[in-house]
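No lab work stands behind these numbers, since they all come straight from the coordinates. On a predicted model such as this, the values are computed, not experimentally measured, just so you know. Virtual Cβ from ideal backbone geometry, glycine too; neighbours counted across all protein chains shown.
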2 protein chains.
Amino acid sequence: MDAINRPAIDIVRTTAELRQRVKAWHKADQIVGVVPTMGALHDGHLSLVDRSLATTDRTIVTLFVNPKQFGPHEDFGVYPRDEERDRELLATRGVHLLFAPDLDEMYPRDFMTSVSVSGLGDILDGSCRPGFFNGVSTVVAKLFMQCQADAAFFGEKDYQQVRVVRCMARDLAIPTDIVACPTIRGPGGLALSSRNAYLSSDELARATALHAELKALASDVRAGGNTEACEARATSRLLNAGFAKVDYMVARDADTLQAWMPGRPLRALGAAFMGRTRLIDNVAG
Amino acid sequence: MDAINRPAIDIVRTTAELRQRVKAWHKADQIVGVVPTMGALHDGHLSLVDRSLATTDRTIVTLFVNPKQFGPHEDFGVYPRDEERDRELLATRGVHLLFAPDLDEMYPRDFMTSVSVSGLGDILDGSCRPGFFNGVSTVVAKLFMQCQADAAFFGEKDYQQVRVVRCMARDLAIPTDIVACPTIRGPGGLALSSRNAYLSSDELARATALHAELKALASDVRAGGNTEACEARATSRLLNAGFAKVDYMVARDADTLQAWMPGRPLRALGAAFMGRTRLIDNVAG
């Protein structure tokens, strides 16, 4: 496709302009969907985009690498960024608007507000990555206010994030429906993630153990195995498969993410390091 | 006025019904104002109501005694409540809708979300009443989401609260304008407050010293007096005037509520106990 015929996408960088656009859509009774992303788009993101395009009249994708959800020793500086490529992918897909605010638009110098979800936001990733879910809740609350969308699409790959965002939206009566969409997987079942770009081909192959061991963990617990013993076994198998460190491998209540009781929906969730790259995944049990 | 001709006011108790009503107003291009209150209405509240009625097309008053902004040893249990009287006052005024949710609608059992404003929310009343501004920010954020109003009216009597709410609304891009309205005062300059109902007539008379000493403090500091010395003098005068305890008497930067520098707008703020009743007030300098 040459430069002239390349599909275009509107890019908006300020809340004021975004609000004007969405207001006109709502005025015309159009349903608006939003897909919040940090860019470095892959087929997982695109599946959310497709879901929004299929079920709403206008789709906004937001692109903002949110510093508040990275710890001081995490990968904010090197997180993959390629706005031009993301823009082309979204234009080809038929997305109506890309909201890509800069840092000052999101967090002016005297920004002081924080949104947090206690309980749900303090365990698992919230405990391994202190401040992570506060960063997520704060930026998502702001993106929701900026976009005023009727529905927001999130991937179940970040299962705890979906639970936290859903809880926040319900608690604060935010008028945006939270739609959770299935994880998209690559070869061997590896969940797609922008961070997979950090992995060598050898690491990519070994990383598939995370999904496999989560499936095994869920079915072992479902079959009546002692939860803690099953979790410990899954952890040691992951280490044997070449993971450097396991943050957690757990089978939990799918709603509360607290201890699972027979009869309740179950979710197995894991976080582990392949080399220096932290991967997460989860499966229904 | 007999019972039959008494003006009526619509009362809504759920977010779902409120949203439907506001959506219809917005659909008809009507500007919606909201006045958040904890009830026990006085002329201060009614001045906010009048301002909303004068500048918007539809006025919502919210009535919710918010437990999250009371400390464990504060007056939540005895805070004055008289919904019927409040309702009649608002109906007579011409308010279009009263939103009076119950506790479960605002804080269902598994409510976990908190909105906080660091810095601004941690000093003065935030330091004397730990958790107070978190409670305010959380409930106001939720009320804003429920009401979807274009403008919200707050009294400057709660000056720090207005600053905190304004900061939160800006930080989170909440599409509601925050309008600050002047404090309404009774005899001797005493700022109207629902808590004045706790005072005896003798205490009411002595409580006017708070406003008088704040005016003196502001003008002394403006005139070049040493801020700390002026604050100490104002404090001891309040104690001499019959206040039991002074939480703070300060002259601060009117925007940041941090230390005041010559050339900047000044605000004198005070909080002190008349008997067991905590009163606050503030004046421009």
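Here the chain A residue lying nearest the rotation axis onto B, judged by its C-beta and given with the distance in whole angstrom, is A:115, 3.
With the gyration tensor restricted to C-alpha atoms of the stretch A:68-121, the semi-axes of the equivalent ellipsoid amount to 27, 16, 15 Å, longest first. In chain B, the calculated helix contribution to ellipticity at 222 nm averages -11500 deg cm²/dmol per residue, counting -39,500 (n - 2.57) for every DSSP H run with n ≥ 4. Within 10 Å of the Cβ of each residue in A:143-150, the mean number of Cβ atoms contributed by other protein chains is 3.
For the stretch B:220-231, putting each phi into the Karplus relation 6.51 cos²θ - 1.76 cosθ + 1.60 with θ = phi - 60° gives couplings of 4, 5, 4, 6, x, x, 5, 4, 5, 5, 5, 5 Hz, in residue order, rounded to whole numbers and with x for Gly and Pro.
Please report the spacing between the Cα centers of the stretch A:165-219 and the stretch B:1-77 in Å, no decimals. If we compute the Cα centre of each part, the gap is 44 Å. In this structure, the amide hydrogen of residue B:185, modeled 1.01 Å from its nitrogen in the peptide plane, lies closer than 5 angstrom to those of B:192, counting only residues at least 5 positions away or on a different chain.
Each residue of the stretch A:242-255 is assigned a 3J(HN,Hα), and the resulting list reads x, 6, 7, 7, 10, 6, 6, 9, 9, 10, 10, 4, 5, 8 Hz, derived from the Karplus form 6.51 cos²θ - 1.76 cosθ + 1.60 (θ = phi - 60°), x at Gly and Pro.
Taking 0.36 nm per residue of separation and subtracting the current Cα-Cα distance, fully stretching the chain between residue B:241 and residue B:253 would add 1.7 nm. Set the bar at 30 Å for Cα to Cα. Now go through A:23/B:68; B:215/B:245; A:157/B:23 and name every pair that lies beyond it. From A:23/B:68; B:215/B:245; A:157/B:23, over 30 Å: A:23/B:68; A:157/B:23. Distance between the 7 Å Cα→Cβ label points at residue B:195 and residue A:276: 5.4 nm. Across B:96, B:45, B:73, mean-square fluctuation computed from a Gaussian network of chain B (C-alpha pairs under 10 Å connected) peaks at B:73.
Basic side chains Lys and Arg get +1 at the Cβ, acidic Asp and Glu get -1 at the Cβ, and with that the dipole of the stretch B:165-230 about its Cα centre reaches some 160 debye. Using a 7 Å offset from Cα along the direction of the beta-carbon, what are the separations from residue A:67 to the same position in each other copy, nm, ascending? Listed shortest first, these distances are 4.0 nm.
Where does helix A:83-93 land angle-wise versus the long Cα axis of chain A, in degrees 0 to 90, nearest 10? Long axis of A:83-93 versus the principal axis of chain A: about 80 degrees. Of all aspartates and glutamates in the structure, the ones whose alpha carbon falls short of 14 Å from that of residue B:142, not counting any fewer than 8 places away in one chain, are A:171, B:102, B:104, B:105.
Based on C-alpha pairs under 8 angstrom that are at least 6 apart in sequence, chain A has a relative contact order of 16 percent.
Report the full-extension gain for the segment residue A:57 to residue A:204: residue separation times 0.36 nm, less the Cα-Cα distance, to one decimal in nm. Numbers along the way, then the final one.
Working: separation 147, 0.36 × 147 = 52.92 nm, distance 3.74 nm.
Stretched fully, the residue A:57-residue A:204 segment lengthens by 49.2 nm.
Amide H to amide H, with H built 1.01 Å from N, residue B:260 comes under 5 Å of B:253, counting only residues 5 or more places away or on other chains. With θ set to phi - 60°, apply the Karplus curve 6.51 cos²θ - 1.76 cosθ + 1.60 along the stretch B:161-167 and write out the HN-Hα couplings as whole Hz, x wherever there is a Gly or Pro. Each residue's phi maps through the Karplus curve to give 4, 4, 4, 5, 5, 4, 5 Hz.
Can you work out the FRET efficiency for the pair residue B:128 and residue B:264, with r the C-beta to C-beta distance and R0 = 30 Å, to the nearest 0.05? Display every interim value, and only then the final one.
Details: r = 24 Å, r/R0 = 0.80.
The calculated FRET efficiency here is 0.80.
What separates the residue B:13 label point from its copies, with the point 7 Å along Cα to Cβ, is 5.1 nm, written shortest first. Distances between placed amide hydrogens fall under 5 Å for residue B:11 paired with B:98, all partners being 5 or more residues away or on another chain.
May I ask you to work out the translational diffusion coefficient for the protein assembly as shown at 25 °C, viscosity 0.890 mPa s, via Stokes-Einstein with Rh from the Kirkwood sum over Cα pairs, reported in whole µm²/s?
Working: Rh = 26.4 Å.
Reported coefficient: 93 µm²/s.
For residue A:202, the point set 7 Å out from Cα toward Cβ sits 8.8 nm from its twins in the other copies, listed from shortest up.
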